[in-house]
């Protein structure tokens, strides 16, 4: 009986905490982090750092789970190995992106994070901000820039 009460209380506390912090503008705003991963205005370094930390944490989680998963693979030879590979692959991809989306708003420049929050909330209109680092710059297509400037008639003489 006491275990079910503790479990119910724990679930309520966890749900309330996650609901409070994952709201728009909260500490764990996953939607903001995902939009920041896709946004070209966010510099490459914070994105790379967030994904790297996420991959390291998930690799640590997979390493901790390894003894239990190997036991499952020995007990149920075919199914255990397939289930282990599938769960590890899903953890590696989804977990890495999930951790990166939670970390990126805290690793990116504060002004840019605040601007993106305001844009998402509809407080300001989305504006084009050129990439200050030039890392995410668009490549110039060869056909978009003329090789020679067009000739114009001179306008400095009277006819």
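What to note about this one:
- Using a Förster distance of 30 Å, the FRET efficiency for residue 28-residue 81 (Cβ separation, nearest 0.05): 0.30
- Remark: 91, 11 ranked as 11, 91, counting other beta-carbon atoms within 10 Å and listing the fewest first.
- Column: log10 I(q)/I(0), Debye, Cα scatterers of segment 21-121, q = 0.11, 0.18, 0.19 Å⁻¹: -0.43, -0.80, -0.85
- Peptides 65-73, 107-115 ordered by average Cβ neighbours within 10 Å, highest first: 107-115, 65-73
Readers should treat all values here as calculations from the given coordinates under stated rules, not as data from a laboratory. Bear in mind the structure is a predicted one, so any value in this text is a computation, not a measurement. FYI the Cβ positions are ideal-geometry reconstructions off the backbone, even for glycines, and counts take in every protein chain you see.
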